[in-house]
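Visitor: Attaching a single structure in structure tokens format; questions to follow.
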Amino acid sequence: MTPGPRHPVIHAVIQGASGGLGGALAEMLLERPELERLILTSRAPLASETLHRLAASHPEKVRLVELDIT
């Protein structure tokens with residue numbers, strides 16, 4: 001028996017996710033059923049109400065990571 005077609009799986013990292021554009025992109029990606037993992041980075045991710053809300057509503061997919069590349 002031949003397996004059916006594989007569906008694409010999305011793993012994404014958004015740098016600077018606490019900004020307006022990053023937060024909007026995160027919300028758009030979370031609507032995609034093929035999204036498996038979303039890593040959101042920010043200098044202070046737990047200080048962002050938006051990132052905290054996204055992580056709390058999608059704990060199986062979203063990970064918050066503190067990152068400062070300056």
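Visitor: Loop-only trypsin sites (Lys or Arg not before Pro) in the stretch 15-70, please: DSSP not H, G, I, E or B, and at most 14 other Cβ atoms within 10 Å.
Guide: 43
Visitor: Give me the extension gain from residue 57 to residue 70: residue separation times 0.36 nm, minus the current Cα-Cα distance, reported in nm with one decimal.
Guide: Extra length from residue 57 to residue 70 when fully extended: 1.7 nm.
Visitor: For the chain, take the longest principal axis of its alpha carbons; what is the angle in degrees between that and the long axis of helix 20-30, to the nearest 10 within 0 to 90?
Guide: Once rounded, the angle reads 30 degrees.
Visitor: If you don't mind, there's one more thing I want to ask. Calculate the translational D of the chain in whole µm² s⁻¹ from Stokes-Einstein, where the hydrodynamic radius comes from the Kirkwood formula applied to all Cα pairs, the temperature is 20 °C and the viscosity 1.002 mPa s.
Guide: Here the translational diffusion coefficient equals 169 µm²/s.
Visitor: Go through 48, 18 and list them by solvent-accessible area, largest first, probe radius 1.4 Å.
Guide: Ranked list, largest accessible area first: 18, 48.
The values are calculated or read from the model by the stated rules, or taken from the named source; none is laboratory data. None of the values given here were measured: they were computed from a predicted structure. Positions of Cβ are generated from backbone atoms using ideal geometry, with glycine treated the same way; all protein chains shown enter the neighbour counts. The accessibility values were calculated without ligands, DNA or RNA, using every heavy atom of the protein model including side chains. Shrake-Rupley method; radii C 1.70, N 1.55, O 1.52, S 1.80 Å.
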